[in-house]
1. For the stretch A:54-71, give me the residue count where each residue is more than 7 Å from every other protein chain (Cβ to nearest Cβ) and touching a helix residue (DSSP H, G or I) at 6+ places or on another chain (Cβ under 9 Å).
2. Restricting attention to the stretch B:25-50, and to residues there that are without any contact (Cβ under 8 Å) to a residue 60 or more places away in the chain and closer than 15 Å to A:Thr38 by Cβ, which single residue is surrounded by the most Cβ atoms within 10 Å (Cβ to Cβ)?
3. Given the residues B:Thr66, B:Thr28, which is the only one that is assigned to a helix (DSSP H, G or I) and closer than 14 Å to A:Ala137 by Cα?
4. Only residues that are at pLDDT 80 or above and either open to solvent by less than 40 Å² (accessible area, probe 1.4 Å) or of a type in the set (Val, Ile, Thr) (or both): list them for the stretch A:121-131, please.
5. Only one of (1) modelled with pLDDT under 85; (2) more than 8 Å from chain B (Cβ to nearest Cβ); (3) open to solvent by less than 60 Å² (accessible area, probe 1.4 Å) is not met by A:Ile171, so which one is it?
6. Can B:Pro115 be described as at pLDDT below 90 and surrounded by fewer than 20 Cβ atoms within 10 Å (Cβ to Cβ)?
7. Mind listing whichever residues of the stretch A:94-120 are open to solvent by 20 Å² or more (accessible area, probe 1.4 Å), under 21 Å from B:Asn95 (Cβ atoms) and not in a helix (DSSP H, G or I)?
8. Does the stretch A:204-216 contain any residue that is open to solvent by less than 20 Å² (accessible area, probe 1.4 Å) and under 19 Å from the mean Cα position of the chain (by Cα)?
Amino acid sequence: MLPFALSASSSTDILDVANMPILWVLALGVFAVIIVQTFLYVRAAKRVAPTVGMTSGELNTAFRTGAVASLGPSLAVALVAVALLAVFGTPATLTRIGLIGSVQFETGAAAIAAGTMDAELGGPTYTQEVFAVAFLAMSLGGAMWILSTLILTPVLKRGDAKVKRVNPAVITVIPGAALLGAFFALGFAELPKSGYHVIAFVSAALASAIFLALSKALKMPWIREWSLGFAILIGIGVTYVSVSAGLFPAA
Amino acid sequence: MSINDSTTASASSLQTFDDTTARWGRLTMIAGLIISLCGPVYLVFFSGLGVDRALIPVAFLAVAGTFGVLWFVEPVTYFPILGQASMYQAFMIGNISNKLLPAALMGQTTVGAKPGTRRGELAAIMAIGGAVVVHLLSLLIFVGIFGTWLLNIIPSDLIEVLQTFILPTVLGAVLVQAIVSQKQPRTTVIALVIASAVVFVLIPALPQLTFFATVIVVFGTVAAAWFFRSRTAENTQHEDVT
């Protein structure tokens, strides 16, 4: 069944195992599952929309806005994933970084797993065996998020419904507060990391504010839809220039 | 049709929607879970690499020691924002804080829907759906098809800048969008104060709480916003600062 003979697991030819056809098939399988889920969800949303007073035009607008908003982050994730191809091969990179997980967790988990075998990602200690164990460790780590979501979501849903029955005002307060709290916490946590992180954060925030103000002043709603993407582009550009200029000692 | 009938009908179609998204959300998530594990399991156990199996629990425990807290904290943190249906979307696809949450927020803002309401739930599902399509296409094209070629032509310092600074950039841009779209000045100030206190005072003093920072801020903000809520505006969507 294997198209080539596998060398000993101490070989450092990672891509020889990492690009095996069966791994490609499984990566495309995950793609397919996500497409099926998206299709079923969109269909369910369209069916129930009239009940909550939403037009199909509004649904399409939300779909398009989500797509536009994710252009910047998607491109960034794709480029970072490209950089990891040499370490994980294409199928594992697609599955782990792209589909079920994030760059920060997966690379962290793989590095930690390799560390338990006194190895480093890439380089002479990074054997096929190390790759296989690191790949399994990061996949199991990702699986734990899914497992806990499967277990916790119904529990949280029951609690949520109970609270909303007791006091309907929670709907107007709690989700907005959770959203603001989450973005303040996630954003501020980036600031102490370096001066460049501050530049990235502040320049993107300013650009975002300027585009929102422009959209309002010129009465052009499309600017608002694209504002996130433009702001990310400007933020990265400004950061790239200031890193190249060596604004802070020791990046 | 009497008012009672139409209320019953809408309640039952909402129930159908909840049941459909919960059932298919869970089933597709379980399928994703199994398929994503098949690859590494095959490599380790059946590919003839002769991997030392004793290495696996050690590696897994090391990963769990670092990230294990997030497995439980993140679903609890994001549930109030995402709601049941989108939980199964978001946690299967990952990239929640840098991509799906911003997409959901933008989608809700554009159609004027609040998170936590039914309109907000549908807007989030559609927006995340749009984000998923862009996400899959970008991966398929830039990584799957042109990846190896791109690896050779993109300057490595650009990739390094992207890898290191994409998160602060996205979060800076999104925070402004969140503040503007929520139109809740009181809650914004509360979130600002609590996040500053936790990130700049509490975490440097107790670094072992790092992974709890977001959940502490989220629940702190929720509790404080609830406590200080404008009671005269209890039944309206907006909050005044009167």
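1. Going through the stretch A:54-71, the residues more than 7 Å from every other protein chain (Cβ to nearest Cβ) turn out to be A:55-57, A:60, A:68.
Of the ones still in play, those that are also touching a helix residue (DSSP H, G or I) at 6+ places or on another chain (Cβ under 9 Å) are A:55-56, A:60, A:68.
Counting residues in the stretch A:54-71 that are more than 7 Å from every other protein chain (Cβ to nearest Cβ) and touching a helix residue (DSSP H, G or I) at 6+ places or on another chain (Cβ under 9 Å) gives 4.
2. Applying the first criterion (without any contact (Cβ under 8 Å) to a residue 60 or more places away in the chain) to the stretch B:25-50 yields B:27, B:30-31, B:33-50.
So of that shortlist, the ones also closer than 15 Å to A:Thr38 by Cβ come out as B:27, B:31.
Numbers: B:Leu27: 15, B:Ala31: 18.
Applying the filter and picking the extreme gives B:Ala31.
3. Working: B:Thr28 fails: closer than 14 Å to A:Ala137 by Cα.
After applying the criteria, what remains is B:Thr66.
4. Start the filter on the stretch A:121-131 by keeping residues that are at pLDDT 80 or above, which leaves A:121, A:124-131.
Within the stretch A:121-131, A:Thr125, A:Tyr126, A:Thr127, A:Gln128, A:Val130, A:Phe131 meet the criteria.
5. Here A:Ile171 meets the rest and fails (2).
6. no
7. Within the stretch A:94-120, A:Ser102 is the sole residue that qualifies.
8. yes
The values are calculated or read from the model by the stated rules, or taken from the named source; none is laboratory data. Computed from a predicted structure; not experimentally measured. Neighbour counts are summed over all protein chains in view; Cβ atoms, including those assigned to glycine, are modelled from backbone coordinates with ideal geometry. We work out accessible area using only protein heavy atoms, side chains counted, and drop any ligands, DNA or RNA first. Shrake-Rupley method; radii C 1.70, N 1.55, O 1.52, S 1.80 Å.
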